[in-house]
Amino acid sequence: MRVKKEWVIAGALELWALTLANWQALGAVRTDEAKYLLNIPYPHPPVMRWVMSMTEWMPFQEMFWRILLASLMVQAVWLLWKVTKDFSLESRIAVCASWLLASAVIIQAGSIMLAPVTALFAVLMVFYRYRHDNVMTKPALIALLWTAMLFTAYQGILFAPLVWGVFRRAGFSKKDSLLFVIAPVILLALYSLSNPLAIATMLIHKNEGVRDSLMTHLIGAGKLWLIGGAGLIGLFGTWSILRTRDSGLILSLLLVAAFVFFSIPYPFYAILFTPLFVAGLYEMFHRKIHPPGFPLLACFIASSAVVTLLARPSMEPNATRAAAQALNQQASEGIVLISGSFGHEWQFESHLTVRRYTPELTKSAQAVVCLNPCEPMFNTSGWRRIEGAPVETWVKK
Amino acid sequence: MKQLFGLTMIVLAGFFLWRIWNIHPMYVDGSVRAQIQKTLEDVANREGWLLSNVELKKVSSKDIRLIYREHRKGKDPEKCHVIQLSDSSLKPCA
């Protein structure tokens, strides 16, 4: 039986997605990932983390989401394949490959973070930007998708100009487009006011990085631009966006750039550039103002290899998983008190309920973990220290 | 579909406005806001709470009603508490 070549390609892509998911799994669950898996209500709105928390009953919840998100990231290339159906094969492959070769996609696919999910929504909006027929027949669906994008992560708002362009290019009036784009933004503002923890987090972090020099900000933003497009993809994508003079694309690019410039340049923000670079490349090939496709593709591959190698994160897991496993073997229920600074991954990995250490609470606790020295130290008679645990851990006898 | 979108916006806006109304004293009165922040920090230090587990339900100039949800894998134990702003005392919701 002859297998359709698309299935073969999808299969090969899926193997790549599984590789990326397993690579991310080497680092165990990080604190931000634990926040989303456990539906901890800050700093982002609730949609995606609520969906993730519905799978908490799965013992393999972490791997499930790594594989699912990696698969969605990689297989999103089919959206680009579809919008480029009128291109030559060479151009089509170059545009689609730009998504898969972007260092940010390689580094982030399989992580359980919300920036890649936002990027996925943005790719969907790029798809609708070039498929007006879909937008004209179901504008409310696109608007609901936009709402879901905003309610997944606050960074979604950076793509508001892109979404505005989606409706305007499909022929909707300014009034209708405004309604579809702005109403969800207002809703997001109302949600934020109803959840003061989100606002408090933003206010706490608003001054972070402000004290850094202009050069530090420029270098940080520049690195993320580089990773977002693996160098050459970003270069051609940016140049092409500026050439189009399309306000939707340009404004979204400027907003993303401003966001990464003014905030702390976390590596996972790089992927916010990628959908825009891909849209830029689409424009470049659509207007036929591009170098030959296959040689350009070869340059993309080389550039991606260099940037990805240089920007690859360490997958060294922190000690939490090993420490929690040692603890879980000794105690399966009760409270664990933790002294020192700790991340949400403790709440994910530990079978015990996590609280901050104070000596007065040791009476009701089952275990104590001293990441810093437990000060003041509690009375350890009646307690046993776990031998061989990576951090100082005590359990009640 | 347009009506569905409009209805979704209105229903969600109504829900969020109701939640905002329940906590509005902390937005309109700076002294209440400061007192709430201090009270929550005092209680969190005393009880070993993680502030990310706190969900404010209702706020007044005298007390705070909140849910403390212990986020963990599986079912999250949660308890409703009322905290008096005057002395940071904690009692279960009625």
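The values are calculated or read from the model by the stated rules, or taken from the named source; none is laboratory data. Since the structure is predicted, the reported quantities are computational estimates derived from the model, not experimental observations. Heads up, the Cβs are rebuilt from the backbone with ideal geometry, glycines too, and the neighbour counts pull from every protein chain shown. Note: accessible area is taken over every heavy atom of the protein model, side chains too, but ligands, DNA and RNA are not part of it. Shrake-Rupley method; radii C 1.70, N 1.55, O 1.52, S 1.80 Å.
A:His351 fulfils the conditions (1) open to solvent by 20 Å² or more (accessible area, probe 1.4 Å); (2) more than 10 Å from chain B (Cβ to nearest Cβ); (3) touching a residue at least 12 places away in the same chain (Cβ under 8 Å) except for a single criterion, (2). Considering (1) in a helix (DSSP H, G or I); (2) open to solvent by 20 Å² or more (accessible area, probe 1.4 Å); (3) in contact (Cβ under 8 Å) with a residue 60 or more places away in the chain, the lone condition that A:Tyr42 does not fulfil carries the number (1). Can B:Val32 be described as within 11 Å of chain A (Cβ to nearest Cβ) and farther than 24 Å from A:Arg356 by Cα? No: the conditions fail for B:Val32.
Would you call A:Glu14 touching a residue at least 40 places away in the same chain (Cβ under 8 Å) and under 30 Å from A:Ala189 (Cβ atoms)? Explain how you work it out, then say what you get.
Working: touching a residue at least 40 places away in the same chain (Cβ under 8 Å): yes; under 30 Å from A:Ala189 (Cβ atoms): no.
Judged against the criteria, A:Glu14 is not a match.
Only residues that are exposed (fewer than 14 other Cβ atoms within 10 Å of the Cβ) and not in a helix (DSSP H, G or I): list them for segment A:320-343, please.
From segment A:320-343, those exposed (fewer than 14 other Cβ atoms within 10 Å of the Cβ) are A:329, A:332-333, A:341; that's our starting set.
Within segment A:320-343, A:Ser332, A:Glu333, A:Ser341 meet the criteria.
Identify all residues within segment A:97-113 that are open to solvent by less than 10 Å² (accessible area, probe 1.4 Å) and over 13 Å from the mean Cα position of the chain (by Cα); write none if there are none. Selection gives A:Ser98, A:Trp99, A:Ala102, A:Ser103.
Among the candidates A:Lys138, A:Lys85, the residue that is basic (Lys, Arg), surrounded by fewer than 23 Cβ atoms within 10 Å (Cβ to Cβ) and within 23 Å of B:Met1 (Cα to Cα) is uniquely A:Lys138. Can you tell me which residue is least open to solvent (accessible area, probe 1.4 Å) among those in segment A:233-284 that are part of a loop (DSSP other than H, G, I, E, B) and of a type outside the set (D, E, K, R)? The extreme case among them is A:Phe273. Taken over segment A:153-200, the criterion of being of a type outside the set (A, V, I, L, M), over 18 Å from B:Leu12 (Cβ atoms) and not in a helix (DSSP H, G or I) is satisfied by A:Gly171, A:Phe172, A:Ser173. Scanning segment A:127-160 for residues that are more than 14 Å from chain B (Cβ to nearest Cβ) and over 20 Å from the mean Cα position of the chain (by Cα) yields a count of 6. Taking first residues from segment A:93-116 that are among the small types (Gly, Ala, Ser) and partners that are outside any helix (DSSP H, G or I), the Cβ contacts under 6 Å between residues at least 6 apart in sequence or on separate chains come to A:Ala102/A:Ala230; A:Ser103/A:Ala230.
Taken together, B:Lys38, B:Lys91, B:Lys58, B:Lys79 contain a single residue that is open to solvent by 90 Å² or more (accessible area, probe 1.4 Å), closer than 18 Å to A:Arg356 by Cα and part of a strand (DSSP E or B), which is B:Lys79.
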